[in-house]
Structure formats: structure tokens, C-alpha cells
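What follows draws every value from the coordinates through simple rules; no lab data is involved. Since the model is a prediction, treat every value here as computed from it, not as a measurement. Every residue, glycine as well, gets a Cβ built from its backbone with ideal geometry; the counts of neighbours run over all protein chains shown.
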Amino acid sequence: MPEMPIDLRSDTMTRPTPAMRDAMHIAEVGDDVFNEDPTVNRLQERVAALLGKEAALFVPSGTMSNQICIKAHTQPGDEMLCDVSCHVYVYEAGGPAVLSGVTCRTIDGDYGVLDVTQLEGKVRPDNEHLVQTRIVCLENTHNRGGGRIYPLEKTEAVSRWARKHGLIMHLDGARLWNAIVAAGVPAAEWGKHFDSVSVCFSKGLGAPVGSALVGSREFVAKCRRIRKLFGGGMRQAGVLAAAALYAMDHHVERLAEDHRNARVLAQAVAATHGLRLDPEDVETNIVYFHIDPELGSAKDVASTLRQRGVLVHPTAPQTIRMCTHLDVSAAQAERAAATIRQAVPQLTPAR
């Protein structure tokens with residue numbers, strides 16, 4: 001059989017492990033819309049406790065999770081403060097505006113990280129002509145920031161500022177698991193600075209489907225109604241919740257392996273003429289790099305690597321992203337790194 005390609009396009013490319021499939025197969029199920037799926041209920045209780053909140057809600061996707069939270073926190077005509085490259089603003093199909101009537105006021109952070117000084121003066125005056133500034137959204141780790149961990153001290157500072165101004169704090173923690181492992185900061189320590197948090201099970205943790213949001217009981221009850229409105233009510237969802245529970249038991253600490261593998265890839269990029277890491281420091285499982293136009297475009301580089309069995313994701317004309325994950329072993333990361341070193345210098349310079 002031909003060798004499977006090394007798929008670095010996203011950490012959503014994972015497949016359930018045999019043991020995870022076994023856990024799904026034996027999962028006890030019920031109708032979750034009736035609150036009668038015991039495995040979903042167990043997952044929700046566990047995630048809420050882990051993040052130090054009263055309640056949680058299992059939902060199909062991270063995008064739905066974020067957008068439910070935004071709608072639950074706001075009224076049409078409200079404003080959200082967020083980084084200009086954050087997932088909620090860039091990659092969720094205009095959800096805040098379309099689903100909640102919320103305007104996004106974007107701020108250019110440092111690879112996705114906002115300093116509290118950038119927020120000063122950003123709260124709109126109480127004036128009937130203006131939108132009402134209502135919510136601050138942070139992302140940890142930050143996808144477009146190269147998997148950057150949001151520093152805890154900056155999170156604390158932004159949270160204090162938001163409380164001072166009566167604003168709500170939401171965390172898009174799709175890859176919060178990576179931050180927990182890499183920074184050694186417990187989930188509840190991150191969670192206490194936010195009114196709501198969204199976490200994802202289908203990225204680094206390797207579950208096939210699902211995210212969860214957490215907050216107060218009253219908030220989560222409101223979110224449950226919005227989940228129904230958005231079409232996210234699931235029935236015998238315990239088979240999916242069982243995968244998430246298995247992932248929490250077995251796939252969190254191993255994220256450190258993904259981080260090591262990402263650094264192997266980053267070293268290969270740094271050592272290859274015409275490629276430049278952006279950002280230079282790789283903190284978790286995401287590697288972004290810029291291609292010098294003399295080598296061609298990101299698509300050219302991606303095509304060359306694909307021909308050699310390495311799949312990467314062009315995110316801009318001269319930019320590529322690579323993600324390490326459960327289905328990329330240390331040996332595969334080394335092989336992909338060797339392929340980058342060997343194949344890219346052979347590209348014919350663009351004319």
C-alpha cells in the first residue's frame with residue numbers, strides 16, 4: 001500500500017483512535033434535547049468543574065459555541081472588542097453581525113494578543129447615536145497568532161479593565177488545552193477571568209465532533225435555548241460525548257508531543273533559504289511561515305510538498321500554516337522537516 005501523506009493542514013484532521021471508537025461504541029445514550037443523555041450530562045458536568053463554572057453545554061462546533069455565547073451576552077446594536085485576526089471575527093462567516101446584530105470593533109494585537117493599554121478609550125459613550133460597547137472576546141491559543149498562548153498576566157489585566165467598565169468577557173478557547181499544557185496553568189485559572197469560555201474537542205484532543213461552552217447556570221440555560229434556535233440540539237449525542245470524555249482522559253497531556261513536533265518543523269523552516277517563520281517563536285502546535293516571492297507562491301510550495309507526501313495549508317498568497325496533532329508522530333514530523341529542507345530549495349526561482 002502507498003504510504004499515507006503526512007497531513008499538517010490542520011489539527012482537525014485527526015481520526016478517532018481504536019480505543020476512542022470503543023468508548024463511543026459502548027456509550028450510554030438518551031435524548032439530549034430532553035436532558036436525558038447520561039454521557040452528555042457527565043461531559044457537561046466535568047467540563048464545567050474543570051473550568052470552575054456552574055454549568056456547561058455540549059454543542060456541535062466551536063463556531064456555534066462562540067456564536068451562542070455572543071448572542072446570549074448581547075442585544076442587537078451592541079459592540080464587541082476583539083483582535084483584528086481572531087477566529088470569531090475572521091473565520092465565523094460574519095456570525096456576530098448576522099446572528100446577533102453585533103458590531104465588531106477590531107484592534108491590531110501582537111500576534112493576536114491585546115495589551116490593556118490598547119483598550120483604553122474604546123468604550124463608547126452613553127449616547128443614543130452610538131453602539132453600546134458590551135463584550136470583550138479573547139482567543140487562547142491564538143490561531144492566526146501562530147498558536148500563541150495568551151499570557152496570563154495580560155488576560156488578568158484585560159479582565160480587570162473589562163470589569164471596571166461593566167463589560168462581559170468571553171474566551172474562544174478552542175485550543176485552550178494547548179495553553180494549559182504548554183504554560184502549566186490550570187483550566188480554572190484561565191476560566192476565572194471570563195464570564196463564558198468555549199473549548200473544542202475536535203482539534204488537538206482528537207475527538208471527531210464537538211465543543212462545549214461554560215458559564216453560570218442562568219447563562220447556560222439561555223444558551224440552551226439559543227442552541228435550539230441555531231439548530232444545534234442533538235439527540236443521542238452520547239456517542240460523541242464519549243469521544244470527548246475519552247480525549248480528556250487520554251489526549252490532553254500528550255499535547256506536549258505536538259508542541260515538540262511543531263518545533264521540529266519550525267527548525268526546518270528557519271534553516272531553509274527563502275522561508276521565514278512568522279511569528280519566530282513557536283509556542284504550541286501551529287507553525288506559520290512566509291515564502292519569499294523568489295521561490296514562488298504559497299500554493300507553489302504546498303504543491304511541491306504535496307508531491308512528496310506532506311500536506312500543508314496556504315493561508316495567504318505567501319503564507320503557509322502547519323499544525324501538528326494526534327495523527328502526526330515524531331518520526332513523521334522529522335520526515336516532514338527533512339522534506340521541507342530538501343524540496344523547497346529545489347524550487348525554480350520565480351521570474
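Given points 7 Å out from each Cα along the Cα-Cβ axis, report the ALA49 to THR117 separation in nanometres with one decimal.
Here the modelled spin labels are 4.3 nm apart.
Take every DSSP beta bridge whose two residues both sit in the chain, then give the antiparallel share in percent to the nearest 5.
50 percent
Are there trypsin sites (Lys or Arg not before Pro) in the range 194-241 that DSSP marks as loop and that have at most 14 other Cβ atoms within 10 Å, and which are they? Write out the running numbers ahead of the final one.
Numbers: sites: LYS203, ARG217, LYS222, ARG224, ARG225, ARG227, LYS228, ARG235; in loops: LYS203, ARG235.
Answer by residue number: ARG235.
Out of the range 96-167, which trypsin sites (Lys or Arg not before Pro) are coil in DSSP terms and have no more than 16 other C-beta atoms within 10 Å? List each step's numbers first, then the result.
Working: sites: ARG105, LYS122, ARG134, ARG144, ARG148, LYS154, ARG160, ARG163, LYS164; in loops: LYS122, ARG144.
Filter output for the range 96-167: LYS122.
Using Cα atoms only, what is the angle between the long axis of helix 238-250 and the major principal axis of the chain, expressed in degrees (0 to 90) to the nearest 10?
Long axis of 238-250 versus the principal axis of the chain: about 60 degrees.
Return the FRET efficiency for the residue pair ALA331, LYS299: r is the Cβ-Cβ distance, R0 is 41 Å, and the value is rounded to the nearest 0.05. If you can, show how the numbers build up before the last one.
Values: r = 28 Å, r/R0 = 0.67.
Efficiency for this residue pair is about 0.90.
Using all alpha carbons of the range 55-179, what is the percent of pairwise distances in each 5 Å bin, ordered from the shortest bin to the longest?
Each 5 Å bin holds this share of Cα pairs: 2, 11, 22, 25, 22, 13, 4, 1, 0.
Summing +1 for each Lys or Arg and -1 for each Asp or Glu, what net charge is found among the other residues whose Cβ lies under 12 Å from the Cβ of ALA316?
Cβ neighbours under 12 Å give a net charge of +2.
Pairs of lysines 8 or more apart, or on different chains, with alpha carbons under 29 Å: count those in the range 18-250, would you?
Lysine pair count for the range 18-250: 29.
For the chain, take the longest principal axis of its alpha carbons; what is the angle in degrees between that and the long axis of helix 298-307, to the nearest 10 within 0 to 90?
Once rounded, the angle reads 70 degrees.
With viscosity set to 1.306 mPa s at 10 °C, what whole-number translational diffusion coefficient in µm²/s follows for the range 303-342 from Stokes-Einstein and a Kirkwood radius over Cα pairs? Display every interim value, and only then the final one.
Numbers: Rh = 10.9 Å.
Diffusion coefficient, whole number: 146 µm²/s.
By its C-alpha gyration tensor, with a ≥ b ≥ c as the square roots of the eigenvalues, how is the range 238-277 shaped: rounded for a/c under 1.5, else prolate for a/b larger than b/c, else oblate?
Cα axes put the range 238-277 in the prolate bin.
Round to the nearest 10 and give me the degree value, 0 to 90, for the angle of helix 62-73's Cα axis relative to the longest principal axis of the chain.
Result, in degrees: 30.
What nm value, rounded to one decimal, do you get for the distance between THR12 and LEU229 when each label is placed 7 Å out toward the C-beta?
2.4 nm
Charges at C-beta only: +1 for Lys and Arg, -1 for Asp and Glu. How large is the resulting dipole of the chain about its Cα centre, in Debye rounded to 20? Walk me through the numbers before you get to the answer.
Details: 38 positive and 41 negative charges, 84 e Å.
The calculation lands at about 400 debye.
Counting only helical runs of four or more DSSP H residues, what would the 222 nm mean residue ellipticity of the chain come to if each run contributes -39,500 (n - 2.57) and the total is spread over all its residues?
Details: 13 runs with 135 residues, N = 351.
So the helix-based figure for the chain works out to -11500 deg cm²/dmol.
Nearest 0.05, what FRET efficiency do HIS129 and ASP278 give at R0 = 45 Å with Cβ-Cβ as r? Before the final figure, lay out the partial values.
On the way: r = 40 Å, r/R0 = 0.89.
About 0.65, to the nearest 0.05.
List, largest first, the extents of the alpha carbons of the chain along their principal axes, each in whole Å.
So the three principal-axis extents are 58, 54, 34 Å.
Taking amide H positions as placed in the peptide plane 1.01 Å from N, state which residues far from ARG148 in sequence (5 or more) or on other chains have amide H under 5 Å from it.
HIS142
With equal scatterers on the alpha carbons only and no solvent term, can you work out the Debye log10 of I(q)/I(0) for the range 173-315 at 0.09, 0.10, 0.17, 0.18 1/Å?
-0.41, -0.50, -1.04, -1.09
Under 5 Å between amide H atoms, partner at least 5 residues away or on a different chain: which partners does VAL84 have, H built in plane at 1.01 Å?
Counting only residues 5 or more places away or on other chains, the set is ILE107, ASP108, GLY109.
Figure the gain on full extension for ALA343 and TYR91 (residue separation times 0.36 nm, minus the Cα-Cα span) and round it to one decimal in nm.
87.6 nm
Give the residue list of GluC sites (Glu not before Pro) in the range 54-138 that are DSSP loop and have at most 10 other beta-carbon atoms within 10 angstrom. Write out the running numbers ahead of the final one.
Working: sites: GLU54, GLU79, GLU92, GLU120, GLU128; in loops: GLU54, GLU92, GLU120, GLU128.
Sparse-neighbourhood loop GluC sites (Glu not before Pro): GLU120, GLU128.
Give the Rg (one decimal place) followed by the Dmax (whole number) of the range 254-346, computed from C-alpha coordinates and expressed in Å.
Answer for the range 254-346, Rg first and Dmax second: 11.9, 38 Å.
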